[in-house]
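Since the structure comes first, as structure tokens, the remarks are kept for the end.
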Amino acid sequence: MEGASDTIAAISSAPGPGAVGIVRLDGPEAIAIAAGLVVLDGGAGIDSAGGSTRHVGNVRLSPGGVGAPAVVYVFRAPHSYTRNDLVEIHTIGAPALLSWILRLASMQGARPANPGEFTARACLNGAMSLADAENVAAVIRADTDQDFAAAQAARSGHTTREVSRVADELADLAALVEAQIDFVDEPIEFISATDLITSVARLDETLARLSGPPAARERDSALPRILLTGPPNAGKSTLFNALLGRERAITSPVAGTTRDVLAAKLVLATGEAVLIDAAGIDDADTGIAAQARDAAMRERDRADVIVDVIDGANPVIPAAEPACDAAPEPASNPAAEPASASHSGIRLAVLTKCDLLTDADERRRLERLQASGFSDLAAVGALSDRGMSALKNRLADALIRLRRSSGAAAALLNARQCEAVATARSALRRATELVQASATVADRSELLAFELREALDALGTVTGAVTPDDLLGRVFAGFCIGK
């Protein structure tokens, strides 16, 4: 990484005003520059301070001028976050003040830090692995208790140790295969084809477990997707607008108004999600309507949470149920079937237009839906805001359930690491196919060695054993400046 020996400075506290703000300096001149910025109580100098010490003083904003109160933490190499000399100046969290301190530090020779440069230095100096650095980023990005808990679990290092163990065993296998190359003409077998296949299969199984299910990998790199689905004119677009709190979708009493898939960020009490409004699903649709229906069906396959929207004012009357004076009850239809094996996420049903129903009618409809197999039910009147607060709470709970169901897998590997593991598993699969097509390992030893090394290099990008510059750029570009 360029400029690794520079002294860098950055505001490392959260953006915006706050009770306390932090300016961090790192590098060979960090202590000397801090000494020019801060006057300690009692007249002592920072440059004579010991490592891992705390000092009280004032930031020198101008020669002879009034300073701002500060607490200074001094960490001397190698006992610091980065293993370099590092100083943190904690003072009043006024953005203008922090920017001025940063400017003064730059005037004394400190370079503005790049995104993630402090953590990058810790990684390059051996204070943490690349996986540890990515876990730091996960902690920084966590915006719910569940996200924070998952990120903290990942920081335990268990996953990195597991991947390292697989890589060590894989290196032993590669060494045996490569030894076979040198003795290809000799009647020596360092490892049999059967043993190699068995060992590779066992390692592949471990990697598959660490990667987690595909849904968990997708959720690691994207917000959960909540899909509103149901027949035409069930009130999906009106519900979509009510949940967002703004007119995002066109609404009309005419069925089939929605043709395109609409998506918008939905902020709930437990986190954020992507709320999706798709066309009504009707098996009788043809032409453009059929294309819209097919797009809606594809969204169902991608959704983490499916909300079955059922028209409470005009429910479908079951053919087996005789007509009577009582209000008709909702029936099953292709767009509102109870949760099935085809969808592994969370599913709930919402009875809409309940502001047009009596309490008794609403109760009967909900009872009928429950008897039909819907176990998670809500009733709303989106135009009057009836039941909307309760529905938002149900969706917020659904996000928690999603994290709990996928939290273990999501905490194992992030999206980049999963990509690296997928590359390694592909190489292992090719190696297995080579062995299966040969009588002995010696017959394909050079190709086998290549595939095993390919897998080993891919795993090295997870453990940090292989850290090309472009990979470092990808990892630390997502960090905040000051971290």
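The values are calculated or read from the model by the stated rules, or taken from the named source; none is laboratory data. This is a predicted model, so every value here is computed, not measured. Cβ: placed from backbone, ideal geometry, glycine included. Neighbour counts: every protein chain shown.
Some points to look at:
- Test result for LEU25, over 28 Å from SER129 (Cα atoms) and aliphatic (A, V, I, L, M): no
- Test: residue in the range 171-184 that is outside any helix (DSSP H, G or I), in the same structural domain as ALA420 (by TED's automatic domain parsing), at pLDDT below 75 and not small (Gly, Ala, Ser): yes
- Residue in the range 37-60 that is over 34 Å from the mean Cα position of the chain (by Cα), closer than 21 Å to ALA110 by Cα, outside any loop (DSSP other than H, G, I, E, B) and of a type in the set (Ser, Thr, Tyr) present: yes
- LEU448 meets each of the listed conditions (1) buried (at least 22 other Cβ atoms within 10 Å of the Cβ); (2) at pLDDT below 80; (3) not hydroxyl-bearing (Ser, Thr, Tyr) apart from (2).
- Residue tally, condition more than 40 Å from the chain's Cα centre (by Cα) and either surrounded by 17 or more Cβ atoms within 10 Å (Cβ to Cβ) or of a type outside the set (S, T, N, Q) (or both), over the range 61-70: 6
- Test: residue in the range 78-98 that is at pLDDT 85 or above, in a helix (DSSP H, G or I) and surrounded by 19 or more Cβ atoms within 10 Å (Cβ to Cβ): yes
- Checking each residue of the range 115-127 against the condition of being part of a strand (DSSP E or B), assigned by TED's automatic domain parsing to the domain that holds VAL23 and surrounded by fewer than 21 Cβ atoms within 10 Å (Cβ to Cβ) gives at least one match.
- When the residues of the range 337-362 are filtered to those that are within 25 Å of ILE400 (Cβ to Cβ) and among the polar types (S, T, N, Q), the one that is modelled with the lowest pLDDT is SER340.
- All of ALA131, ALA167, ALA137 fail the test of being assigned to a helix (DSSP H, G or I), among the aliphatic types (A, V, I, L, M), modelled with pLDDT of 70 or more and within 20 Å of ALA449 (Cα to Cα), apart from ALA167.
- Residue satisfying condition, being at pLDDT below 90 and crowded, with 16+ Cβ neighbours inside 10 Å, within set ALA105, ALA150: ALA150
- Within the range 292-313, being at pLDDT 70 or above and over 18 Å from ILE346 (Cβ atoms) holds for ARG298, ASP311, GLY312, ALA313.
- ALA242 vs. criteria at pLDDT below 60, in the same structural domain as SER384 (by TED's automatic domain parsing) and crowded, with 19+ Cβ neighbours inside 10 Å: no
- Verdict on SER48 being among the hydroxyl-bearing types (Ser, Thr, Tyr), surrounded by fewer than 22 Cβ atoms within 10 Å (Cβ to Cβ) and in contact with a strand residue (DSSP E or B) (Cβ under 7 Å, 6 or more places away or on another chain): no
- First in the range 201-225 and farther than 17 Å from ASP301 by Cα and at pLDDT below 55, second anywhere and among the aliphatic types (A, V, I, L, M) and part of a loop (DSSP other than H, G, I, E, B), Cβ under 9 Å, 6 or more apart: ASP220/LEU413
- Looking only at the range 419-436, residues that are of a type in the set (Asp, Glu) and more than 26 Å from the chain's Cα centre (by Cα) come to 1 in all.
- GLY51 vs. criteria without any contact (Cβ under 8 Å) to a residue 40 or more places away in the chain and either in contact with a Cys (Cβ under 9 Å, 6 or more places away or on another chain) or more than 21 Å from VAL20 (Cα to Cα) (or both): yes
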